[in-house]
Amino acid sequence: MSDKLKTGDKAPLFEAEADGGRTVRLADLISAGGAVLCFYPRDNTPGCTREACSLRDNAAAIGKKGFAVVGVSTDGVKSHDGFKEKHGLTQTLVSDKGGKIINLYGVVSPSNTARRVSFLVDGAGTVRHIWKKVDTNSHGDEILAKIEELSL
């Protein structure tokens, strides 16, 4: 699933366009407390929608712990904007059209989209946990529980 990174590694930094046409820099998210990077294959597919809604439902609680929730896929900004609007999503959705980020994180699928893998990155930029098997129905709960377990 993630062939390149292990818990304890430094998260590769990136800068990319996100929903609304804004630029997201991982370094900024890390310096603000940390980030949960949730890689997913495609907007508006059943599994990705369930996962995104679970993240939406837990984003405020995760944010109170100091972590930004960021979805990353190879879909474009326009697709992300529609996905967010249709499902009332609050998390940031990053567009990785060229696949640079999914390659950095080692989560490229055979069809050159992102595999469903998530990374918990702390305020020092260290990968604290990797979810290689994501329960799309309760991923937001899983993330919050792991942040609490690690006392982050």
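The values are calculated or read from the model by the stated rules, or taken from the named source; none is laboratory data. Quantities reported herein were computed from a predicted structural model and do not represent experimental measurements. Backbone-built Cβ (ideal geometry, glycine too); neighbour counts: all protein chains shown. Just the protein is used for accessible areas: all its heavy atoms, side chains included, with ligands, DNA and RNA removed. Shrake-Rupley method; radii C 1.70, N 1.55, O 1.52, S 1.80 Å.
At a Förster distance of 35 Å, what's the computed FRET efficiency of LYS6 paired with SER111, Cβ-Cβ distance as r, to 0.05?
On the way: r = 25 Å, r/R0 = 0.71.
Efficiency computed from Cβ-Cβ geometry: 0.90.
Looking at the chain only, what percent of DSSP beta bridges run antiparallel? Nearest 5 please. If you can, show how the numbers build up before the last one.
Working: 16 of 25 bridges.
Antiparallel bridges make up about 65 percent of those DSSP assigns within the chain.
Which whole-number value in Å² is the accessible area per residue of the stretch 23-122, probe 1.4 Å?
Numbers: 3920 Å² over 100 residues.
In whole numbers, the stretch 23-122 has 39 Å² accessible per residue.
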Length gain on complete extension for the stretch LYS86 to LYS133, per 0.36 nm per residue less the alpha carbon to alpha carbon distance? 14.3 nm
Rounded, prolate or oblate: which fits the stretch 1-90 when a ≥ b ≥ c are the square roots of the eigenvalues of the alpha-carbon gyration tensor, with rounded for a/c under 1.5 and prolate only if a/b beats b/c? rounded
Sequence order, the stretch 65-80: Karplus ³J(HN,Hα) from phi using 6.51 cos²θ - 1.76 cosθ + 1.60, θ = phi - 60°, Hz rounded, Gly and Pro as x, gives 7, x, 10, 8, 9, 10, x, 10, 9, 8, 5, x, 4, 4, 5, 4
Give me a comma-separated list of calculated 3J(HN,Hα) values for the stretch 23-39, in order, Karplus coefficients 6.51, -1.76, 1.60 applied at θ = phi - 60°, integers in Hz, x for any Gly or Pro. 9, 10, 10, 4, 4, 5, 5, 5, 5, 8, x, x, 8, 10, 9, 10, 7
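How large, in Å, is the chain by the Kirkwood hydrodynamic radius built from its alpha-carbon pairs? Intermediate values should be presented prior to the final figure.
Values: mean 1/r = 0.0672 Å⁻¹.
After inverting the mean inverse Cα-Cα distance, the result is 14.9 Å.
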Whole-percent carbon and sulfur contribution to the accessible surface of the stretch 10-152 (1.4 Å, no ligands, DNA or RNA) stands at 49 percent
Please list, ordered by chain and number, the residues whose modelled amide H lies under 5 Å from the amide H of THR92; skip anything fewer than 5 residues away on the same chain. VAL69, GLY71
Scoring the chain by relative contact order with C-alpha pairs under 8 Å, at least six apart, yields a percentage of 34 percent
Estimated distance in nm for a label pair at ALA60 and ASP28, the labels positioned 7 Å out from Cα along Cα-to-Cβ: 2.4 nm
Based on Cα positions only, what radius of gyration and what Dmax would you give for the stretch 60-140, in angstroms? 13.2, 36
